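First the structure, which I've put down as structure tokens, then a few questions once you've had a look.
Read-outs throughout are calculated quantities, based only on the coordinates presented, and are distinct from any laboratory measurement. No experiment lies behind these values; they were computed from the predicted model shown. Because the Cβ atoms are built from the backbone with ideal geometry, glycine has one as well, and the counts that use them run over all protein chains shown.
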Amino acid sequence: MADILIDRVAKSFGAARALAEVSLQVADGEFVALLGPSGCGKTTLLRIVAGLETASGGRVVIGGRDVGALPPRARGIAMVFQNYAVFPHMTVADNIGFGLRMQKRPVEEVARQVGRAAEMLRISHLLDRWPARLSGGQRQRVAVARALAVQPAVLLMDEPLSNLDALLRLEMRADLKAVLREAGTTTLYVTHDQTEAMGLADRIAVMHGGVIEQIGAPGAIYARPATRFVGGFLGSPPMNFLLCSASGGRAAIGDFALAAPQDGAVMLGLRAEDAVPVGAAEGIPFDVRVVEPMGAHLLLTGAVGDQPLRAIAPPDAAIAPGARIGLRPDPARLSWFDPETGRRLEAA
Amino acid sequence: MAPKPWVPYLLIAPAVLFLGALFLLPLVQTLVLSLQGEGGLSFANYARMLGDLNFADALRNTFLLTLVVVPVQIALALLMATMIARIGAGRDLVLWVWVIPLAISDLAAGLAWLAILQSTGYLNSVLFALGLLDGPTPWLTQETPVVLFIGIALAEIWRATAIVLVILVAGMQLIPKEFGEAAEVFGASPWQRFRRVTLPLLKPSIQSALILRTVLAFEVFAVVYALGGRNFPVLVGEAYVWQGENQNTGVAAAYAALIMLISMLATFVYLRVLRTPREQMA
Ligand SMILES: Nc1ncnc2c1ncn2[C@@H]1O[C@H](COP(=O)(O)OP(=O)(O)OP(=O)(O)O)[C@@H](O)[C@H]1O
Ligand SMILES: [Mg+2]
């Protein structure tokens, strides 16, 4: 059993607050992604769990044991560092086998595990090389292999695929998911790439400014963002936000009206794929400014009134820049936010 | 713009010229002096040096002192540098205090230790006060060679460990802290971390410190002179005596040439044995 409990962990560097009372639970064998923009405190949280940074408050419990007083090596973890930290004075093979050698495992076992981890990360041909002679992506894979080789109960990864090209990243993602699922490794995975988080994680914790804004399954977070920030951070193109005013339970956008959860100023969150382009006479009036063919669809950029908006249309739709079209939203897939607090409004 | 291959050479030319004029030239002159005999080139000066009553002692003492002092200094400086690396607040103050001996000339350092170790010095006063001695006891004589040696070694260690410390502290600052952290996460104990990560990555700095300290240790003189005079002959001391008292520049030059040869050999060995291939640098 190796579950992780992060209980009201806070961290300040001098006067600067990096984490404000963050709480998160990762079940045994679960894969949780910490997703958030640069500087939101992801690495700081991961380093506190690893024991490389001391929290200013709160506690971390791993496998039922409060690890606050334990040094990193006693916490039963492996870690992939954001800047790799691959030892320059050891060959790739020695790097990957480092953890096992520290555990004084038999030589044959070390060799076997090193071979296995290297194979999975497609770096078997690099085993005799020195890290200084590797590309950034290759070095990053050495760091991942080094962590996987020890077959840890808890794996902490800080943007482990950030330096790979798109195709390799896609392959590694699938491999990583399969291997970790099979081994039942409890994983905390830091990334600022939302597709990576969506694809890999059982649950995603979206962080912003030292706070976890929402925790949930990828689909749930995507469909029902708890805050305006989460809605805007997940999805590509990002969610559109339209400020409108509602009265009598109806929000008006141009000539178009939608059922709103409360009266007064409200903010509609609309994903591009949740609105169908229709004739100019119906739906939300949308002035198209730019049309970008993306292959699978057309990406339309324009405005509703004076508020910017992005929409998508079928690849063969005849839409010209400068045209006015209508967008018919799917009422079941809309999000509403309080424009003041940015929090989600639930339909009454 | 294509880089011009001669630019680097042009840039180091002033330094090379400077060294050539003020270092290489006197060096060659010393060699020539040491090889000048009655009628033309000869090894007479070297023969006289080898036959000198004090030569064997001086050679042995110099080597013994170097073999004891340099390893102790490296070990001590490593320990101190490791401690400094862990200090948060007050780190600069500790470092500053530790490198104070650097600011003291070696003769002054020798005299300071003389004040401690001479027969009416601080050490004896303390031992007398504790009832361990009956009266003034001389330590720095030919009859007490072991204590004399220890006294000189102590003074040298006290005086010149700081320069090693400075080199190692600078070297440690160049090692990204993530390497130590990664080792720690993957199960290395503090000792293993030092042994498997810090030490190998510090090798270039250790090499520099070893070369500097060894060369200087073979040139040890002022501290020895202050504490033991000629009770403890060393190579540079003999060169001084031949030049000053015996007015024989030829033999003095032979001593100087020998010291130079030993230093160059030591440097060569360090450069080979502690070589760090470029691809393994941090
Ligand atoms: N050692 C430190 N001293 C002072 N401030 C720090 C330190 N480490 C991090 N911070 C601050 O804490 C905040 C969070 O940093 P952190 O490295 O956790 O961000 P991150 O989410 O990992 O960002 P990125 O995606 O860029 O890696 C930042 O504002 C950063 O400036
Ligand atoms: Mg980070």
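Please enumerate, by chain and number, the aspartates and glutamates with C-alpha under 14 Å from the C-alpha of A:K42, excluding those fewer than 8 residues away in the same chain.
Output for A:K42: A:E21, A:E53, A:D158, A:E159, A:D193, A:E213.
Also, I was wondering about something else. Let me confirm one metric for peptide B:172-182, namely the mean number of other chain beta-carbon atoms within 10 Å of its residues' beta-carbons. Walk me through the numbers before you get to the answer.
On the way: counts 0, 0, 0, 1, 4, 2, 7, 6, 2, 9, 16.
The mean count of partner-chain Cβ atoms within 10 Å per residue comes to 4.
Round to the nearest 0.05 the FRET efficiency obtained for B:F18 and B:R195 when R0 = 41 Å and r is the Cβ-Cβ distance. Write out the running numbers ahead of the final one.
Numbers: r = 41 Å, r/R0 = 1.00.
That pair, B:F18 with B:R195, gives E of 0.50.
Could you work out how far the C-alpha centroid of region A:231-301 sits from that of region A:66-140, in angstrom?
Distance between centres, Cα-based: 49 Å.
Using a simple spin-label model with points 7 Å from Cα along the Cα→Cβ vector, what separation in nm is obtained for A:E171 and B:L27?
Once both label points are built, they end up 5.5 nm from each other.
Using helices alone, I'd like the mean residue ellipticity at 222 nm for the protein assembly as shown: each DSSP H run of four-plus residues gives -39500 (n - 2.57), total over residue count, nearest 500. Intermediate results must be reported in sequence, preceding the final value.
Details: 23 runs with 279 residues, N = 630.
Counting only the DSSP helices, I get -14000 deg cm²/dmol.
Mind listing the Cα extents of the protein assembly as shown along all three principal axes, in Å, largest one first?
The Cα atoms of the protein assembly as shown stretch 118, 68, 51 Å along the principal axes, largest first.
What FRET efficiency do you get for A:D316 and A:F13 if R0 is 56 Å and r is their Cβ-Cβ distance, rounded to the nearest 0.05?
Values: r = 54 Å, r/R0 = 0.96.
Step by step, r from the Cβ atoms, then E = 0.55.
Put a dot 7 Å past each Cα toward the Cβ at A:D306 and A:R289; how far apart are the dots in nm?
1.3
Between B:L11, B:L123, B:L132, where does the largest GNM mean-square fluctuation fall for chain B, given springs only between Cα atoms within less than 10 Å?
Evaluated over chain B, the most mobile residue of the options is B:L11.
If you don't mind, there's one more thing I want to ask. Write down Rg/Rh for chain B, rounded to two decimals, with Rg from the C-alpha atoms and Rh from the Kirkwood relation over Cα pairs.
On the way: Rg = 22.9 Å, Rh = 22.0 Å.
Taking Rg over the Kirkwood Rh, I get 1.04.
Straight-line reach from A:K104: which lysines have a Cα under 28 Å away, not including same-chain ones fewer than 8 places off?
B:K177, B:K203
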